1. List pairs: first residue in segment 65-80 and assigned by TED's automatic domain parsing to the domain that holds residue 104, second residue of a type in the set (D, E, K, R) anywhere in the structure, Cβ distance under 8 angstrom, at least six positions apart or on different chains.
2. Scan segment 339-368 for residues that are under 24 Å from the mean Cα position of the chain (by Cα) and within 18 Å of residue 420 (Cβ to Cβ) and jot them down.
3. Can you go through 222, 248 and tell me which one is surrounded by 15 or more Cβ atoms within 10 Å (Cβ to Cβ) and in contact with a Ser or Thr (Cβ under 7 Å, 6 or more places away or on another chain)?
4. If I ask for residues that are farther than 25 Å from residue 124 by Cβ and in contact with a Gly (Cβ under 9 Å, 6 or more places away or on another chain), which ones from segment 17-71 would you list?
5. Does at least one position in segment 400-411 carry a residue that is over 25 Å from residue 175 (Cα atoms), of a type in the set (Val, Ile, Thr) and touching a helix residue (DSSP H, G or I) at 6+ places or on another chain (Cβ under 7 Å)?
6. Considering each residue of segment 309-333, count those that are farther than 19 Å from residue 387 by Cβ and basic (Lys, Arg), and give that number.
7. Which condition number in (1) of a type outside the set (Val, Ile, Thr); (2) outside any loop (DSSP other than H, G, I, E, B); (3) in contact (Cβ under 8 Å) with a residue 60 or more places away in the chain is the one that residue 175 fails?
8. Hey, among the residues in segment 228-237 that are part of a loop (DSSP other than H, G, I, E, B) and not acidic (Asp, Glu), which one's farthest from residue 172 (Cα to Cα)?
Amino acid sequence: MPKANGKENILVVDDSIDTLEMLERNLKSKGYRVFTAQSVVEAIKILDVTQIDLVITDIKMPINSGFELIEHIKENFKYIEIVVITGFPSIEGAIRAVKNGAEEYLPKPFTDKELFTVVERALEKLQMRRTMRAQLQKIPSAPFGIIGKSESMRKIFEIVEKAAATSATVVITGESGTGKELVARAIHYSSARASAPFVPVHCGSIPESLLESELFGYLKGSFTGAFETRAGFFQTADGGTIFLDEISETSSAMQVKLLRVLQEKEICMVGSRRTQKVDVRILAATNKDLLGLVKAGLFREDLYYRLNVINIEIPPLRDRGEDILLLIRYFTTRFAEEAKKTGPQFSDHALEVLKNYNWPGNVRELENVIHRLVIMNEEDVIDVPDLPSLMRSSISPRPILNRTLAEVEAEHIRSVLASVNGNKTQAAKILGIDRKTLREKLKNVSNS
């Protein structure tokens, strides 16, 4: 069945008529096409005749439970995401739901914002899965869904294949924007844990005061604001893989706790004195020199050697040669399809400039540039004048040697911000700094 206005089809399953009506009304307000069912049997009948993208289901229902529906979906459909909602939240229920195949777990009562956030996140994951599948079908030479034919990337693919065959911990290093999480996903989905959850955690984006409770969960009443008991990322990833991005941003105290997880295979929830076993493979990533941090006393040596069983160093885009052209072709096709327009061609001169550009933000920067070009360009051919100004001026650079370091830094910050349309989060990632540092530097730029 075709989708309405290009929006996804959502099936809501709950034995409460009031809940069904509320969810249907809210989801329709966002343009989704919504189907409802009061039982698992009724839901299965709809699934058999309708293309459904996302199922939102209660757990406790008469006759058949939501767990049975999840099992049926996972055994009979490839591309349906699942969100579990329940008025009886528990750690065991959350873990079971996620392990059985649910992407999200939302306890009642929840706000409209929480609902929409969970739905959008689940649908983004669905789109990612479909995109990865399409990439593999359209580009046979893209191992693990990663675009690249260069010698350096072929070596990466070999290491990924070997790492996937083991349960060893892996440290993935490389500059910001090189695709460290994509490599981590490739390892997980090529391993024996592929059917279990892959849980990415960006350590640098979680306040230090919250990181422990986010990773290990917490008991109700264990701290101010802990109104319920919640599982952490490690419980959610049980049986699968947890990806600790920006591992270098963790404190010494947190590093001790992570070391215990690696050694003992157990965690302790905040507010609890009891430990619980977890079967989780840890993949970590950083854009910093971990060994250098160890020597400087900023990262624990014992944790470093526990993590660094296998090391994968992803090369910067500027060192990947013809891969730049492959990625340009891939991103152009992808964003043109999303915009429902014919993909533009690039002049030879424009391709030469793009290939020779330094790409400080790596693949992420390239993706942003191509996305903007596809959206903004109305011509059939993209030429050098259509490229961002910092690229045009870098064709025949003439170094200006009478400027201070602060002036050079300020110019680079402005250029990176311009390349991402002023998006400070993206600019901070490209620059390899956090948003707070970027804000401070922008104050200096504006005052200079």
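The values are calculated or read from the model by the stated rules, or taken from the named source; none is laboratory data. Here the structure is a predicted model, which means the values were calculated and not measured. Counting neighbours? That spans all protein chains shown, and the Cβs are built from the backbone with ideal geometry, glycine included.
1. 66/58; 66/60; 67/96; 79/53; 79/129; 79/130; 80/53
2. Start the filter on segment 339-368 by keeping residues that are under 24 Å from the mean Cα position of the chain (by Cα), which leaves 339, 359-368.
Across segment 339-368, the qualifying residues are 359, 360, 361, 362, 363, 364, 365, 366, 367, 368.
3. Working: 222 fails: in contact with a Ser or Thr (Cβ under 7 Å, 6 or more places away or on another chain).
Result: 248 is the single residue among 222, 248 that is surrounded by 15 or more Cβ atoms within 10 Å (Cβ to Cβ) and in contact with a Ser or Thr (Cβ under 7 Å, 6 or more places away or on another chain).
4. Here is the first cut: in segment 17-71, the residues farther than 25 Å from residue 124 by Cβ are 17-18, 21, 38-42, 44-45, 48-49, 60-65, 68.
Answer for segment 17-71, where residues must be farther than 25 Å from residue 124 by Cβ and in contact with a Gly (Cβ under 9 Å, 6 or more places away or on another chain): 40, 60.
5. The initial filter retains those residues of segment 400-411 that are over 25 Å from residue 175 (Cα atoms), namely 400-404.
Right, trim to of a type in the set (Val, Ile, Thr) and you get 400, 404.
Retained after the next criterion (residues that are touching a helix residue (DSSP H, G or I) at 6+ places or on another chain (Cβ under 7 Å)): none.
Checked against the condition, which is being over 25 Å from residue 175 (Cα atoms), of a type in the set (Val, Ile, Thr) and touching a helix residue (DSSP H, G or I) at 6+ places or on another chain (Cβ under 7 Å), segment 400-411 yields no hits at all.
6. Number of matching residues: 1.
7. Condition (2) is where residue 175 drops out.
8. Here is the first cut: in segment 228-237, the ones part of a loop (DSSP other than H, G, I, E, B) are 228-229, 231-232, 237.
Of the ones still in play, those that are also not acidic (Asp, Glu) are 229, 231-232, 237.
Numbers: 229: 33, 231: 27, 232: 23, 237: 19 Å.
My answer is 229.
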